[in-house]
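Here the structure comes first, spelled out in structure tokens, and everything after it is commentary.
Nothing in this text is a laboratory measurement; each read-out follows from the coordinates by a stated rule. It should be emphasised that the depicted structure is a prediction, and the values quoted were computed from it without experimental measurement. For neighbour counting, all protein chains shown are included, and Cβ atoms are generated from backbone atoms with ideal geometry for every residue, glycine included.
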Amino acid sequence: RDELIGLMRCAKAVLNSSKSEGMSNTLLESMACRTPVVARACPGNLELIRHGRTGFLYNTPGECVALCKRLLAQPMCAVQLCQSAAVYVGLHHSQEKERDTLALALDRMVPSRKASSGQ
């Protein structure tokens, strides 16, 4: 895991070409590592990425190539995307936020869970 995180941090970008995606941990980890993301505009990716603010979304191979070239040609654009993406992940998908959301969902599905845990 540490090696993968190190590789993400060294990458110029992380490309997600999935035609179908849920909540992509790879994209979340990349955003948290301040690595720019370029992802296909499919439902799961649309939930995570705000095009031009926290990453880039594309629909066609040509758009993907153009966006990757833009990242390479405009380093400050990449820096701004990375900063916004890291803030987004910190606010909405931190380990604490994910833990609390999961606990709330479990409490709603299994009402006796809250009573048996002493909360």
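Overview of values
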{"quantity": "Residue list for the range 31-40, filter: touching a Lys or Arg at 6+ places or on another chain (Cβ under 9 Å), farther than 13 Å from residue 67 by Cα and of a type outside the set (Lys, Arg)", "calculated": "33, 35"}
{"quantity": "Number of the exception - residue 72 against (1) without any contact (Cβ under 8 Å) to a residue 12 or more places away in the chain; (2) more than 25 Å from residue 95 (Cα to Cα)", "calculated": "(1)"}
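Condition check ((1) touching a helix residue (DSSP H, G or I) at 6+ places or on another chain (Cβ under 8 Å); (2) among the basic types (Lys, Arg); (3) at positive phi) across all residues:
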| site | (1), (2), (3) |
| --- | --- |
| 20 | yes, no, no |
| 25 | no, no, no |
| 32 | yes, no, no |
| 35 | yes, no, no |
| 62 | no, no, no |
| 68 | no, no, no |
| 88 | yes, no, no |
| 93 | yes, no, no |
| 99 | no, yes, no |
